[in-house]
Amino acid sequence: MLTHFLRLALFTLSLIMPLQAANAQDAAVDIPAMVQAMGEASLKELGQIVSDLAATGDNVVVPTLTALADGNLYLDETSGRVVIQDGSAITDPVTGEAVELADEDLSRIRVNNGLRRDISAALSGMTLMSDNANTRLSAAQGFLSKPDRANLPLLEEAIAAETDSAVRNVMVAARAVTLLGSDEASIEDKRAAIPDIVAGAGRDAITILTGQLANAPDELKPAIQSALAGLEQERAVWGALQNVWFGISLGSVLLLAAIGLAITFGVMGVINMAHGEMVMLGAYTTFIVQLVIRQNFPGLLDYSLLIALPCAFLVTGAIGVGIERGIIRWLYGRPLETLLATWGLSLILQQTVRSIFGPTNQMVIAPTWMSGSFEFYGLSITYGRFWIVIFALLVFATLLLVLNRTPLGLQMRAVTQNRRMASAMGIRTPFVDAMTFGLGSGIAGLAGVALTQIDNISPNLGQNYIIDSFMVVVFGGVGNLWGTLVGALTLGVANKFLEPYAGAVLGKILILVLIILFIQRRPRGLFALKGRAIEQ
């Protein structure tokens, strides 16, 4: 009995052990051996090897399959080794390591169009089922742009397994585009595919549906036309919102350029035609700072704009104080002479900069954190414009704190409302005038730092913004910061809505005419300052 039992156990083990060995052999696929087998394989055998490699799901086979499809996979006749040759570089297809072989011993592994299609499908399947969501999204977008009915089973399998909603929407849209363009799909399936295209194809939905409309059956055309009408309406709304964003970004630039002018004009009553040159000097200060950093401290290049901000403020602020002490203070109460003097000064500053730096434009490299763009609910926003808007609001908030929470701000507001009474109360109005002019010029220098990211740096940079700055100040209300903010944003948005219809030049003329008409009704602007001296 015991002998019979032992024989039965040994017989069972003899059956189980080969099965376990076979399973272990299947689990450990020998990818290098399969790649080497490509060298002597026929086209039919190559097709099977491609299918087996793709079935492993291992990303290490991607370079091999890509090289085979591109005609870069070779067999070394001497050693029998399969390698990738890309230009002069010869590498191992599995490890990617460089291989030293003679070019004359290499023969290309031939493929045909059918095998290329199989490779493309295999690669797409691997990427569509990848563990990385971005890889799956890229693969789904590839299926969306190049629909093929042969990919429907793969797409449906991927949709069933997908957990990321954004990736799944693109996959569903790719499947819907494939169905809509297929001759074998039913009208009901095509009609059901249209909402999926609208929901998942994004900006390409209009192009896709428009392309399908011409060849669509008559019973399907109303559904496509209805979807297109909804998309066009939605695009018009997003287009208007995009113009609003462009207007806000332009308004933030105008705010930076005009806010310093609003202070000097409001406190001192000086029409400073050299204010644009303070903006220009701030831009050139940024250029010099970045040049020094690039040559001596390249590791700080990404922080060059942040370093340039205090430098530009101090340089232009000091120049502003010098201008006020050397020229402006002798011309108070004589607006025409002040205007002519500051206009002549602007020409002198332009020519000085032109003599030092030359008439050609200079470039400031954008830091990495201000490069590129991002999508926000259908709006395309560049990081450069986004940070300029944030910076403009920070400057505005800081200036409000200075005016409302510091002794200098209190004195500036007192001088703005009633200069004689402020002087009688012991406020040194000449000191306030100098500090006010320096503060306004320093803020103009900060505007120059921001403008280096959206405009060319040239001696004429400030002239592009001086007229718009005066319009902002007059429209918002002389000396009122909130009026300057509202005026800058209003003019920026109005410009962006008028430009598509009237053009840039005519749009500015229309804005100027509208402001003139507005000033006829409200001579002091949107937000007029109050005070005894002002009311007289």
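The values are calculated or read from the model by the stated rules, or taken from the named source; none is laboratory data. Computed from a prediction, not measured in an experiment: that's the story for all the values here. Heads up, the Cβs are rebuilt from the backbone with ideal geometry, glycines too, and the neighbour counts pull from every protein chain shown. Areas reflect the complete protein model, heavy atoms only, side chains present, ligands, DNA and RNA absent. Shrake-Rupley method; radii C 1.70, N 1.55, O 1.52, S 1.80 Å.
Looking at the structure I just gave you, is VAL237 β-branched (Val, Ile, Thr), without any contact (Cβ under 8 Å) to a residue 24 or more places away in the chain and in a helix (DSSP H, G or I)? So VAL237 passes the test. For first residues located in segment 404-415 and under 16 Å from PHE265 (Cα atoms), partners that are in a helix (DSSP H, G or I) and among the hydroxyl-bearing types (Ser, Thr, Tyr) and lie 6+ apart or on another chain with Cβ distances below 7 Å form the pairs MET412/THR436; VAL415/THR429. Output the residues belonging to segment 418-451 that are more than 17 Å from VAL402 (Cα to Cα), open to solvent by 10 Å² or more (accessible area, probe 1.4 Å) and not aliphatic (A, V, I, L, M). ASN418, ARG419, ARG420, SER423, GLY426, ARG428, THR429, PRO430 - these are the residues of segment 418-451 that are more than 17 Å from VAL402 (Cα to Cα), open to solvent by 10 Å² or more (accessible area, probe 1.4 Å) and not aliphatic (A, V, I, L, M).
Look at segment 492-516: where a residue is within 16 Å of LEU250 (Cβ to Cβ) and in contact (Cβ under 8 Å) with a residue 24 or more places away in the chain and a partner is charged (D, E, K, R) and open to solvent by 80 Å² or more (accessible area, probe 1.4 Å), sitting 6+ places away or on another chain with Cβ atoms under 8 Å, you get ASN495/LYS508. Kindly evaluate ILE511 against the criterion of being farther than 20 Å from LEU347 by Cα and of a type outside the set (Gly, Ala, Ser). When the stated conditions are applied, ILE511 passes them.
It is to be established whether one or more residues within segment 454-461 are in contact with an Asp or Glu (Cβ under 7 Å, 6 or more places away or on another chain), more than 22 Å from ARG325 (Cβ to Cβ) and surrounded by 23 or more Cβ atoms within 10 Å (Cβ to Cβ). For segment 454-461, residues in contact with an Asp or Glu (Cβ under 7 Å, 6 or more places away or on another chain), more than 22 Å from ARG325 (Cβ to Cβ) and surrounded by 23 or more Cβ atoms within 10 Å (Cβ to Cβ): present. Within segment 130-178, which residues are of a type in the set (Ser, Thr, Tyr) and either in contact with a helix residue (DSSP H, G or I) (Cβ under 7 Å, 6 or more places away or on another chain) or without any contact (Cβ under 8 Å) to a residue 12 or more places away in the chain (or both)? The answer is SER130, THR135, SER138, THR163, SER165, THR178. The lone criterion from (1) closer than 17 Å to ALA392 by Cα; (2) surrounded by 17 or more Cβ atoms within 10 Å (Cβ to Cβ); (3) at pLDDT 90 or above left unmet by ILE259 is number (3).
Is one or more of the residues making up segment 327-340 open to solvent by less than 30 Å² (accessible area, probe 1.4 Å), free of Cβ contacts under 8 Å to residues at least 40 places away in the same chain and assigned to a helix (DSSP H, G or I)? Checking segment 327-340: not a single residue is open to solvent by less than 30 Å² (accessible area, probe 1.4 Å), free of Cβ contacts under 8 Å to residues at least 40 places away in the same chain and assigned to a helix (DSSP H, G or I). Quick check: is even one residue across segment 301-321 touching a strand residue (DSSP E or B) at 6+ places or on another chain (Cβ under 6 Å) and either under 30 Å from VAL198 (Cβ atoms) or of a type outside the set (Asp, Glu) (or both)? No, because not a single residue in segment 301-321 is touching a strand residue (DSSP E or B) at 6+ places or on another chain (Cβ under 6 Å) and either under 30 Å from VAL198 (Cβ atoms) or of a type outside the set (Asp, Glu) (or both).
ALA240: more than 24 Å from the chain's Cα centre (by Cα), modelled with pLDDT of 80 or more and surrounded by fewer than 18 Cβ atoms within 10 Å (Cβ to Cβ), yes or no? Answer is no for this residue.
THR352 falls short on exactly one of the conditions (1) hydroxyl-bearing (Ser, Thr, Tyr); (2) open to solvent by less than 70 Å² (accessible area, probe 1.4 Å); (3) in contact (Cβ under 8 Å) with a residue 60 or more places away in the chain, and that condition is (3).
Check segment 387-401 and report whether any residue there is in contact with an Asp or Glu (Cβ under 8 Å, 6 or more places away or on another chain), surrounded by 16 or more Cβ atoms within 10 Å (Cβ to Cβ) and either small (Gly, Ala, Ser) or assigned to a loop (DSSP other than H, G, I, E, B) (or both). Scanning segment 387-401, I find no residue that is in contact with an Asp or Glu (Cβ under 8 Å, 6 or more places away or on another chain), surrounded by 16 or more Cβ atoms within 10 Å (Cβ to Cβ) and either small (Gly, Ala, Ser) or assigned to a loop (DSSP other than H, G, I, E, B) (or both), so the answer is no. Do the conditions hold for TRP343, that is, is it among the aromatic types (Phe, Trp, Tyr), farther than 22 Å from GLY269 by Cβ and at pLDDT 85 or above? Criteria not met by TRP343.
This table checks each residue for (1) at pLDDT below 80; (2) out of contact with any Ser or Thr (no Cβ under 9 Å at 6 or more places or on another chain); (3) under 26 Å from SER186 (Cβ atoms).
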position	(1), (2), (3)
ALA139	yes, no, no
PHE143	yes, no, yes
ASP148	yes, no, yes
ASN151	yes, no, yes
ASP164	no, yes, no
VAL172	no, yes, yes
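If the condition is being at pLDDT 80 or above, open to solvent by 10 Å² or more (accessible area, probe 1.4 Å) and either closer than 14 Å to PRO147 by Cβ or out of contact with any helix residue (DSSP H, G or I) (no Cβ under 8 Å at 6 or more places or on another chain) (or both), then segment 193-206 contributes only ASP196.
Does segment 475-491 contain any residue that is of a type in the set (A, V, I, L, M, F, W, C), buried (at least 22 other Cβ atoms within 10 Å of the Cβ) and free of Cβ contacts under 8 Å to residues at least 60 places away in the same chain? Yes, that holds for at least one residue.
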